[in-house]
Amino acid sequence: MSDTGIVISRRAVLAGSGALIFSFSSVAQSPAQENAAPLAAAAPPLPGSLKQSPFLDSWIRIDADGAITVFTGKAELGQGIKTALLQVAAEQMDADFAQLKIVTADTARTANEGYTAGSHSMQDSGTAITHAAAQVRTLLVAQAAQRSGLPADQLKTDNGAVVAPDGRRFGYGDLVAVEILHVQASPQSMLKDPVQYKFLNRRIPRVDIPAKVTGGEAFVQDFRPDGMVHGRIVRPPSYGAVLDSVDTTAVKKMPGVLKVVRDGSFLAVIAEREFQAIEAMRALAAVARWHESAKLPDMAALPAFLAGLPARDIKVIDQQQPAAVNAKMISATYSRPYVSHGSIGPSCAVAQLQDDALTVWTHTQGVFPDRDAIAEMMRMPKDKVRCIHSQGSGCYGHNGADDAAGDAALLARALPGKPVRVQWTREQEHAWEPYGPAMLVKVSAALDDSGKIADWDYAVWSNTHSMRPGPAGALIAARYLAEPFPEPEPKPIPMPEGGGDRNSNPIYKFPSMKVIHHFLPTMPVRVSALRSLGAYMNIFSIESFMDELAAAAGADPVEFRLKHLDDPRAREVVSTAAGRFGWSAKPRAGSPGHGYGFAFARYKNLAAYCAIACEVEVNHETGRARMVRAVAAVDSGQVVNPDGIANQIEGAILQSMSWTLYENVSFDDRRITSVDWATYPILRFSAVPDSMEVHIINRPGTPFLGSGEAGQGPAAAAVANAIANATGYRFRDLPLSSERIKAAIGV
């Protein structure tokens, strides 16, 4: 790779206090320009998360031996970002991939990138690292130019070194000093030409996989620091229950018990060994006496309950035109229940209080917000609390990870000096994690004489989709202390990202359109972020309704969608998925018990495009539906690791199948009753599709588009449309369970 450029002397870099701002530009200024008054126009923003953390050494460190460390404030959640971020850094630095290592979210070491959520890792952190790495490379070339006495544009970078035409090599470790990277980034970078890429769009094996398949220390659940002891929490039997009394005398005498902790209605035990802690927890729960007050709604009438709650109406779109003449009106109502994260490994954390400083190892998706909540709950300065991300076995959203971290912090305070591990039980995870909110959608549309949609009216009822920390009251434990912290006020997430209204604004072009988000401030059960937030339900509803409208218009579902799409990238994704599936050749009505479905969306209307065609089979004796085959097409902009994108889309299809066909949080009038895998069934291996294909459209040099949550909504609607095709019945209430299907088809 040849760098054009600019020669920057080390003296210039080190001048001042080390807080210099460099603008890497190949256009020189005249003295008159240099002395001119500053232009009124503001400087362009820094790319990605460089806006929040502009210093290059926040993202890249080079040691004297040439080792390169990449830093990211995002967390590895199984989506493969460790590998992808190393690829973009290696690409722009012309470094050996094997020489790079990465440090993920750590409040003491990395930039504050908030939550790892919303498919933002590559858009935010990947973009920041791309530009930081390119600008570091430019600095290194400038240093080599000074040492060699050669113009920078005669030097090349290769495999961790700057190379002169005569063969001299200047290793990155020899060129760099600590100060040289402690400069602020520029809005512009001299990025490599995509035709020269060596690491992007390459199937490099994921660096996080080996430990997960060889029994290594892959997850926080595996973490065992020296001297560690075990804590277990006694949860209340229902929301809001108050601990009236508990006799701890016998529990304190049990083998291995180090301490019983009670603070208000927060009750826990610490023991030397894990099973000792489990036995003590059970004994403590047996003697605890609670006053219960929860009043939960009728689960069977949940959609009506949602529609009757007080709502704050938020106008998403209001572009209404006069009604079309002779329009055919069609309406539908869709609903989804509360949905659990269903994490395979229950939540866990390890905390240690040492010399008035608290360290917490946690699988939270936001180490900085979790630190803030824990510091407030513990009444400690933030700089005395450190949260280090460690992967958890399952999540994608706000499960019990943050709460387990808060639990561990309280127990670490009760037993200073010892690392305390808190492991939730399966029942605690299912009963106490924040669920994905139940939702209700009502939609109507008008078809004109040509069979096109002339008017669209859409309304969605939903609670907030984020009650994450920040505030201490977002943690369960903090709300049950003797001096409790109040639960934070639930708030909607503003568009264009959105929460309950995410993807409620169709990407299709309609002449008249109205979309309203009926935001529900209060809900009877605990809710927060579940992967894709409201997009899953909104895309399920929109894309199911598009099929219903296509049928009413007598049109093919794919052709009907293309008729309403003018985004060329959207059209290509739709056409690719349909073509690779063989949509035009499929049996129109489906073979007996088989059906075909199609769906499409652009996640948040600003991230990745995804279209999915699928075939399902429906067992007419049991009513059970199973996806047989799926073909997806995705456009994520510049592809970094094709396997990573394929993993995400395949995982999205499987997760969405589970939500769509099986999952439903159950409760009576007081307590959550779906507390294990028998009462909360999920997709099993026997129901996995026979084949899945993911076709990736690469767009070199274009911005990264997040793909981690692009597939859930299209997969749900594609399955629903295929079931309707197979059975002749339209199912609008999730989940599309065997009981519902069997009742409808009359077997």
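The values are calculated or read from the model by the stated rules, or taken from the named source; none is laboratory data. Being a predicted model, the structure only gives us computed values, none of them experimental. Please note: Cβ atoms are built from the backbone with ideal geometry, for glycine as well, and neighbour counts cover all protein chains shown. Heavy atoms of the whole protein, side chains included, go into the accessibility calculation; ligands, DNA and RNA do not. Shrake-Rupley method; radii C 1.70, N 1.55, O 1.52, S 1.80 Å.
Out of (1) of a type in the set (Val, Ile, Thr); (2) under 23 Å from Lys295 (Cα atoms); (3) open to solvent by 70 Å² or more (accessible area, probe 1.4 Å), what's the single condition that is false for Thr249?
(2)
Identify the residue in segment 469-483 that is among the aliphatic types (A, V, I, L, M) and surrounded by fewer than 18 Cβ atoms within 10 Å (Cβ to Cβ) and, among all such residues, is farthest from Ala710 (Cα to Cα).
Among them, the one singled out is Ala482.
In segment 619-637, what count of residues is obtained for those that are open to solvent by 10 Å² or more (accessible area, probe 1.4 Å) and not basic (Lys, Arg)?
5
Go through (1) free of Cβ contacts under 8 Å to residues at least 40 places away in the same chain; (2) within 29 Å of Val618 (Cβ to Cβ); (3) crowded, with 22+ Cβ neighbours inside 10 Å one by one and return the number of the condition Lys586 breaks.
(3)
Which members of segment 49-78 meet the condition of being touching a Ser or Thr at 6+ places or on another chain (Cβ under 7 Å) and either open to solvent by 20 Å² or more (accessible area, probe 1.4 Å) or closer than 17 Å to Ser189 by Cα (or both)?
Ser49, Arg61, Leu77
Only one of Ala404, Ala408, Ala351, Ala446 is in a strand (DSSP E or B), assigned by TED's automatic domain parsing to the domain that holds Gln276 and open to solvent by less than 10 Å² (accessible area, probe 1.4 Å). Can you tell me which?
Just one listed residue meets the conditions, Ala351.
Quick check on my filter: what residues within segment 358-384 are farther than 18 Å from Pro488 by Cβ, surrounded by 24 or more Cβ atoms within 10 Å (Cβ to Cβ) and β-branched (Val, Ile, Thr)?
Val360, Thr362, Val367
Name the one entry in Leu411, Leu415 that is touching a strand residue (DSSP E or B) at 6+ places or on another chain (Cβ under 8 Å) and more than 24 Å from Pro434 (Cα to Cα).
Step by step, each of Leu411, Leu415 is checked, and only Leu415 is touching a strand residue (DSSP E or B) at 6+ places or on another chain (Cβ under 8 Å) and more than 24 Å from Pro434 (Cα to Cα).
With respect to Pro486, determine if the residue is within 20 Å of Pro369 (Cβ to Cβ), open to solvent by 30 Å² or more (accessible area, probe 1.4 Å), of a type outside the set (A, V, I, L, M) and modelled with pLDDT of 95 or more.
Taking the combined requirement at face value, the residue satisfies it.
Return the residues of segment 303-315 that are touching a strand residue (DSSP E or B) at 6+ places or on another chain (Cβ under 7 Å) and assigned to a helix (DSSP H, G or I); say none if nothing qualifies.
Within segment 303-315, Pro303, Leu306, Ala307 meet the criteria.
Enumerate the strands (runs of 3 or more DSSP E) found wholly within segment 252-301, keeping only those where 2 or more residues are more than 36 Å from the chain's Cα centre (by Cα) and either acidic (Asp, Glu) or at pLDDT 95 or above (or both).
257-263, 288-291
Let's see how each residue does on (1) touching a residue at least 24 places away in the same chain (Cβ under 8 Å); (2) not in a helix (DSSP H, G or I); (3) not hydrophobic (A, V, I, L, M, F, W, C):
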| site | (1), (2), (3) |
| --- | --- |
| Leu654 | yes, no, no |
| Trp659 | yes, no, no |
| Ser674 | yes, yes, yes |
| Leu683 | yes, yes, no |
| Ala716 | yes, no, no |
| Ala724 | yes, no, no |
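Which of the residues spanning segment 682-704 are buried (at least 24 other Cβ atoms within 10 Å of the Cβ) and in contact with a Phe, Trp or Tyr (Cβ under 8 Å, 6 or more places away or on another chain)?
Scanning segment 682-704 gives no hits.
Evaluate segment 187-207: report whether one residue or more is closer than 30 Å to Leu411 by Cβ, in contact with a Lys or Arg (Cβ under 8 Å, 6 or more places away or on another chain) and not polar (S, T, N, Q).
no
Inside segment 306-348, can you point out the residues that are crowded, with 18+ Cβ neighbours inside 10 Å and either charged (D, E, K, R) or without any contact (Cβ under 8 Å) to a residue 24 or more places away in the chain (or both)?
Once the filter is applied, which keeps residues that are crowded, with 18+ Cβ neighbours inside 10 Å and either charged (D, E, K, R) or without any contact (Cβ under 8 Å) to a residue 24 or more places away in the chain (or both), segment 306-348 yields only Arg336.
In this structure, does Ser466 turn out to be of a type in the set (Ser, Thr, Tyr) and either farther than 29 Å from Ala300 by Cβ or crowded, with 24+ Cβ neighbours inside 10 Å (or both)?
no
Just need a number here: residues in segment 638-676 that are out of contact with any helix residue (DSSP H, G or I) (no Cβ under 6 Å at 6 or more places or on another chain), open to solvent by less than 40 Å² (accessible area, probe 1.4 Å) and among the β-branched types (Val, Ile, Thr).
4
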